[in-house]
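Input: a single structure, listed below in structure tokens.
The values are calculated or read from the model by the stated rules, or taken from the named source; none is laboratory data. Because the structure is a prediction, the values reported are computed rather than measured. When we count neighbours, we look across all protein chains shown, and the Cβ atoms used for this are built from the backbone with ideal geometry, even at glycine. Each accessible area value is taken on the protein alone, full model and side chains, heavy atoms only, with ligands, DNA and RNA left out. Shrake-Rupley method; radii C 1.70, N 1.55, O 1.52, S 1.80 Å.
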Amino acid sequence: QMAEGGFAYFRSSDVTLQVKLLVQQLHGSVPAMCASHPQLSYAAWLAGACGVAPHDLHISAQLLVHGMPLGQPERTYSAAGSKLRWNEWLSFTAKYCDLSADAALRISVYGTAGPREPVLIGTA
């Protein structure tokens, strides 16, 4: 629909596209890392601090509606030697018209400390 001033808009209830998320890379700066190990990359520092290997990290994304999970979480794994780069689309089964006004996306980063031993690194 056209609003005043020539701007187009859509109601989310009219958008029947699947919800998608592009996961590109994980990067950051930790003050403790910069001071104590300036020669380490963020990936190497994160792996050492959390006790996981950088190539074992994965992202889990969960849609929430009314504070409750909507469907199964989607996951992506970093490729070996990727330096925490994924460049991968996660596609959810939900469509934009399925989401309520309070919908949210919970993103968690996990590593592994051993076989079947997931380690939560952080959540946003």
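Model label sites at ALA94 and GLU117, defined 7 Å from Cα along the beta-carbon direction, differ in position by 3.4 nm. Of the residues VAL15, VAL23, ranked by 1.4 Å probe accessible area with the largest first, the sequence reads VAL15, VAL23.
Modelled this way, with points 7 Å down the Cα-to-C-beta line, the labels at LYS20 and LEU64 are 2.6 nm from one another.
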